[in-house]
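*Asks:* Below: one structure in structure tokens.
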């Protein structure tokens, strides 16, 4: 190893056993030895700390990713469960409409199928719903007629029906395709 000598007067005593000597007598010589392995221990300590920090960062990243994956899986399961509840409600309404069709030939908004479903408690929430009669609405897609070649043209009969309906709604005999109360309508 490297040999450093510090003296406070006096002569060389020559510490041959290479142990540090701490003088207690004034004028004695102080000899210190620096072992190169001790220098390496400092580098090894810093390297070990860096490796520990790197392992900690990787572990935290893995744990965060795992939490994200767990939450994503939970969301997917909840979405699937909600979809199954919606399908069950749709099937229930379909069965109710079939029973209503067997009972009566006339539908009114006072029948069971038209009543809003009261909230039914389910795991994680409630399910509720209602059925709307869309037969009284006008489908705007019917205004355009498409032939087999893919060409489309206005369906004059449907336009005439729409004008008749909007004219009655606005209190006029005929109406253009504008909102009621707007200029030119």
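Here, each number is a calculation from the coordinates, and none is a lab measurement. Predicted, not measured: the structure shown is a model, and the values here were computed from it.
*Asks:* So if I take the centroid of the Cα atoms in the range 128-161 and the same for the range 93-122, what is the distance between those two points in Å?
*Replies:* 26
*Asks:* Same structure again: Can you classify the range 61-129 as rounded, prolate or oblate using the Cα gyration tensor, where a ≥ b ≥ c are the square roots of its eigenvalues, rounded means a/c under 1.5, and otherwise it's prolate if a/b beats b/c and oblate if not?
*Replies:* Here the range 61-129 falls in the prolate category.
*Asks:* Another question, if that's okay. Multiply the residue separation of residue 145 and residue 49 by 0.36 nm, subtract the distance between their alpha-carbon atoms, and state the gained length in nm to one decimal.
*Replies:* Length gained, residue 145 through residue 49: 27.0 nm.
*Asks:* With a ≥ b ≥ c the root eigenvalues of the C-alpha gyration tensor of the range 89-131, is it rounded (a/c under 1.5), prolate (a/b larger than b/c) or oblate?
*Replies:* prolate
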